[in-house]
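The values are calculated or read from the model by the stated rules, or taken from the named source; none is laboratory data. Remember, predicted model here, so these are calculated numbers, not experimental data. Virtual Cβ from ideal backbone geometry, glycine too; neighbours counted across all protein chains shown. Heads up: the accessible areas ignore ligands, DNA and RNA and are worked out on the full protein's heavy atoms, side chains in. Shrake-Rupley method; radii C 1.70, N 1.55, O 1.52, S 1.80 Å.
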Amino acid sequence: MCGIVAYTGEHQVYEFLIKGLKRLEYRGYDSAGIAILNGDLKIFKQKGKVSDLEELTHNADISGTSGIGHTRWATHGEPNQVNAHPHISQSGDIAVIHNGIIENYATLKDLLISRGHTFNSDTDTEVLTHLIEEIQNHEKVDLFEAVRLALNEVVGAYAIVILSKHHPKTLIGARKGSPLVVGVGEQNGEYYMASDATPIVEYTRDVIYLNDNEIALVSPEGLKIKSLENVEKTPYIHKLELTLDAIEKGGYDHFMLKEIYEQPKSIYDSMRGRFSTQDLTFAMRSLREYESKIKNLERVIIVGCGTSWHAGLVGEYLIEEFARLPVEVEYASEFRYRNPVITEDDLVIAISQSGETADTLAALEMAKEKGATVYGICNVVGSSIPRMTHAGAYTHAGPEIGVASTKAFTAQVTVLTLLALGIANIRGRLSKQQLSTMFAELEAIPEKVHHLLESCADDVVRISAQYKDSNNFLYLGRGYNFPVALEGALKLKEISYIHAEGYPAAEMKHGPIALIDENMPVVVIATNSAYYEKVLSNIQEVKARKGIIIAIVTQGDQKVKAIADHCIEIPETEESLVPLLATIPLQLLSYHIAVMRGCNVDQPRNLAKSVTVE
Ligand code: G6P
């Protein structure tokens, strides 16, 4: 939530800030603002998108070689121009951008008001800006020390960058709970800071991921990092592997569409090199290193939010079926506050595309404290969750920029499949024959996804055009397809703003059936499975009430086809792998409906991709 970007060096900063903010816009798009230092601090802020900010600065003097920029997802204070970042101190000499929440801002604000400070906005960030200046003046310390002391007073989460009128060519950044990457430029004294590496990768591959409770100062004298406790830290420089074309639209109308079509590759990348079909072995480091732990596991708990939680539900079916271990899937936000019973024999798996979701991170920290082994399945390399877990596996789906998650979901499910099979193998639950069948089927999935994307495209567009004006949708599935139904419904509501609900097909008769009439499209995932006949009965129940059936069926299906209004065929595969295929037409359905309704599919209203607040 909220994207921050900053630069200091010899080049003009404006272009970098705007381009960087556009790359970070997936993190929030309520307002945008920049501060550029050129003798004075020049501040431009605008409600709305980065493009609105660009218009505002059209004829303005935007020259300067140090600057900071922010794109906001509003927490404190409505999304308007006054509450947009950067915020300035009482004297106007210090500008701050912030991602996160200062929880004790009201107490700090009262204290500062009693000392003569006046505030323009309703934000917690402005309070922090004033606090830094108050400490600097009161304690007679330099800016870096004032920032350190101020942050010691702050309760909450933040990534901040500070630009000061009296410190040209200098940036100060700090993080606790929200991400901040420092890029080291090619020239002396050239540095970048950003919420993730996407604004930076075009300019440098050398980055430092700040740790929680660290403050970084960059200037022509170099880079200095200290902890909040005033201990000097040695920066560890990572080489970015991200490529530029991975973060551009590459000819597609939207990032979401590009990401849907990337799935043959992203699914392949998430399994590549992780098993051998010839030797029937796994090559996942986490399985090797934690083999004895896995042998003694009593239970698996999966935590996540949104789409990642849905992937977790698929994981539950997989791990229970193959490894025969009890699995619980928890909303991270509930789990973290519930005082759950956790033992040293539990494996707690966090699933998160961003690796930064505040609730998931907190749930995992709590489980770790209680002695569980914590495991991360994340997409963003170097993000917070992978850095605090004992073990894990990256999904390798590549950057996902569309706010609605697509390729990250199928990559998460792929990794969960491997993990389930790997745990089952270690615990002696799989025959060679089973393993060989699963590996072969898994290897065939990317090609099947490729084929499906081609074969279903026209049908999906036709169906979308027919039902784009519906007010409600119901999604039904059983077994492995129940989470697929939930995910299909979430995708539709997220980007088209149509009310949609996912249900286990058999639960329909306990409530949702009351909603069914001739205007209600019901998407049913009715692929070949042990429950096929039962789902068929559920379809009959919908038809008997004049509901409209859009069915996802296995290639060659006859029975559902005979009664459904529309059928989309998916290739045959193992039942446990069906989610990797059945999800694809549902993603496309929500995409096309949203486009036809004129919605902003990549940046749906009120949402953000990386939710770093509770
Ligand atoms: C937000 C995003 C969703 C995502 C969820 C969890 O709500 O809009 O697409 O599924 O956060 O995010 P994570 O990064 O933890 O997977």
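Filter the range 101-128 for residues that are within 25 Å of the chain's Cα centre (by Cα) and open to solvent by 10 Å² or more (accessible area, probe 1.4 Å); which is modelled with the lowest pLDDT?
From the range 101-128, those within 25 Å of the chain's Cα centre (by Cα) are 101-103, 123-125; that's our starting set.
Going one step further and asking which of them are open to solvent by 10 Å² or more (accessible area, probe 1.4 Å), we end up with 101, 103.
Numbers: I101: 90, E103: 93.
Across the range 101-128, the extreme among qualifying residues is I101.
Looking for whichever is surrounded by 24 or more Cβ atoms within 10 Å (Cβ to Cβ), among the aliphatic types (A, V, I, L, M) and under 21 Å from T107 (Cβ atoms) here; the options are L151, L131. Which one fits?
Working: L151 fails: surrounded by 24 or more Cβ atoms within 10 Å (Cβ to Cβ).
Step by step, each of L151, L131 is checked, and only L131 is surrounded by 24 or more Cβ atoms within 10 Å (Cβ to Cβ), among the aliphatic types (A, V, I, L, M) and under 21 Å from T107 (Cβ atoms).
Only strands (runs of 3 or more DSSP E) whose full extent lies in the range 1-65 are considered here, and the ones with at least 3 residues that are among the small types (G, A, S) are 31-38. G402 - would you say it is within 16 Å of the ligand (Cβ to nearest atom) and crowded, with 22+ Cβ neighbours inside 10 Å? Spelling it out, G402 is indeed within 16 Å of the ligand (Cβ to nearest atom) and crowded, with 22+ Cβ neighbours inside 10 Å. Scanning the range 369-393 for residues that are more than 13 Å from the ligand (Cβ to nearest atom) and either in a loop (DSSP other than H, G, I, E, B) or among the hydroxyl-bearing types (S, T, Y) (or both) turns up K370, G371, A372, T373, Y375, V381, G382, T389, H390.
Within the range 505-526, work out how many residues are open to solvent by 40 Å² or more (accessible area, probe 1.4 Å) and either part of a strand (DSSP E or B) or touching a residue at least 40 places away in the same chain (Cβ under 8 Å) (or both). The total comes to 2.
For the range 1-20, give me the residue count where each residue is open to solvent by less than 30 Å² (accessible area, probe 1.4 Å) and in contact (Cβ under 8 Å) with a residue 60 or more places away in the chain. Of the residues in that region, 11 qualify.
Of all residue pairs spaced 6 or more apart or on separate chains, those with beta-carbon atoms under 6 Å, a first member in the range 367-382 that is over 20 Å from D212 (Cα atoms) and a second member that is assigned to a loop (DSSP other than H, G, I, E, B) and more than 10 Å from the ligand (Cβ to nearest atom) are K370/I342; G371/E344; A372/I342; T373/H390.
Filtering the range 326-345 to residues that are acidic (D, E) and farther than 19 Å from A311 by Cβ leaves E344, D345. Looking at (1) touching a strand residue (DSSP E or B) at 6+ places or on another chain (Cβ under 7 Å); (2) at pLDDT 95 or above, which is the only condition A505 fails? Result: A505 fails condition (2) only.
The set of residues from the range 233-251 being surrounded by 11 or more Cβ atoms within 10 Å (Cβ to Cβ) and small (G, A, S) comprises A246, G250.
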